[in-house]
Amino acid sequence: MGDLDGPVVLLVIAGVLLVAAAGVALVLLLRLLRARRVLREAGVPVENKLAFWGALIYVISPVDLLPDPVYLDDIGVLLLALRALHTAAERSGLPAGRRTGAC
């Protein structure tokens, strides 16, 4: 069994990294959903919400820039959408405490 120790360890490490990346993507998706709810309540115009819908479609879509086990592209798209929503919240005059609670 000594010959299998190296590949098994590498597979376990790769599995842990994939689960961690999927967890980060899930957390960012949940933050994006909360940010959308707050912006809807604040009356942010529809055109500023396109980042939300674009990011959601990209994350759900089977077409990715990187293969699905690698969630770096999904995480990047979610981060860009959160930044765009944060900027839209600032422009709409949403109070800072309300923004930080949502994002």
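The values are calculated or read from the model by the stated rules, or taken from the named source; none is laboratory data. Keep in mind it's a predicted model, so treat the numbers as computed, not measured. In this analysis, Cβ positions are derived from the backbone assuming ideal geometry, glycine residues included, and neighbour counts consider all displayed protein chains.
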So Asp3 clears everything in (1) assigned to a helix (DSSP H, G or I); (2) surrounded by 14 or more Cβ atoms within 10 Å (Cβ to Cβ); (3) modelled with pLDDT under 80; (4) not aliphatic (A, V, I, L, M) except one condition, right? Which one? (2)
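Considering only residues that are under 11 Å from the mean Cα position of the chain (by Cα) and at pLDDT 80 or above, which ones fall in region 44-55? Steps first, please.
Quick first cut of region 44-55, residues under 11 Å from the mean Cα position of the chain (by Cα) only: 52, 55.
Correct list: Ala55 only.
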Here are Arg83, Arg37, Arg98: which of them is surrounded by fewer than 16 Cβ atoms within 10 Å (Cβ to Cβ), at pLDDT 80 or above and in a helix (DSSP H, G or I)? Arg83
Could you say which residue among Leu30, Leu11, Leu18 is surrounded by 14 or more Cβ atoms within 10 Å (Cβ to Cβ) and modelled with pLDDT of 80 or more? Leu18
If you check Asp68, Asp64, which single one turns out to be at pLDDT below 70, closer than 15 Å to Ala25 by Cα and in a loop (DSSP other than H, G, I, E, B)? Asp68
